Amino acid sequence: MEKSGRYKDPELSKKLVERIKEIRKSNQVTQETAIDRTHSDIYRYEAGRKIPTLMSIRKICEFYNISIREFFNVDSFDYPPKK
């Protein structure tokens with residue numbers, strides 16, 4: 001059986017992008033500052049060109065002094081919907 005590539009979930013990716021932007025903007029931080037302080041591809045995440053790894057999310061959380069639970073503890077992450 002051929003591998004068809006990596007599994008992708010566009011809806012989850014969109015939710016991650018929105019959350020990263022929301023946190024950055026609520027902390028009044030520029031993309032440049034966030035990139036410099038986290039050494040992450042924030043601009044690529046926010047443009048939807050790259051999906052952050054869990055370790056990248058951890059760096060983002062450290063920078064904003066929030067827990068991973070706080071990062072995901074929003075209504076938008078009530079996902080995937082239960083069947």
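Checking Ile42, Ile51 one by one, the residue that is more than 15 Å from Glu22 (Cα to Cα), within 13 Å of the chain's Cα centre (by Cα) and of a type in the set (A, V, I, L, M) is Ile51 and no other.
Being among the hydroxyl-bearing types (Ser, Thr, Tyr), in a loop (DSSP other than H, G, I, E, B) and at pLDDT below 95 is the filter here; which residues of the range 61-81 pass it? Before you say what the answer is, go through the steps one by one.
Narrowing the range 61-81 to residues among the hydroxyl-bearing types (Ser, Thr, Tyr): 64, 67, 76, 79.
Next cut, in a loop (DSSP other than H, G, I, E, B) only: 67, 79.
Within the range 61-81, Tyr79 is the sole residue that qualifies.
Listed by first and then second residue, the pairs linking a residue in the range 15-32 that is within 13 Å of Arg44 (Cβ to Cβ) to a residue that is of a type in the set (A, V, I, L, M, F, W, C), with Cβ atoms under 6 Å apart and 6 or more places separating them unless they lie on different chains, are Gln31/Ile42.
Each residue in the range 21-60 was checked for being in a helix (DSSP H, G or I), surrounded by 14 or more Cβ atoms within 10 Å (Cβ to Cβ) and acidic (Asp, Glu), and 1 pass.
Every residue in the range 2-18 that is in a helix (DSSP H, G or I) and either more than 11 Å from the chain's Cα centre (by Cα) or at pLDDT 95 or above (or both), please. Lay out the reasoning, then the answer.
From the range 2-18, those in a helix (DSSP H, G or I) are 10-18; that's our starting set.
Correct list: Pro10, Glu11.
The values are calculated or read from the model by the stated rules, or taken from the named source; none is laboratory data. Everything numeric in this text was worked out from a predicted model, so none of it was measured. Cβ atoms come from the backbone with ideal geometry, glycine included; neighbour counts cover every protein chain shown.
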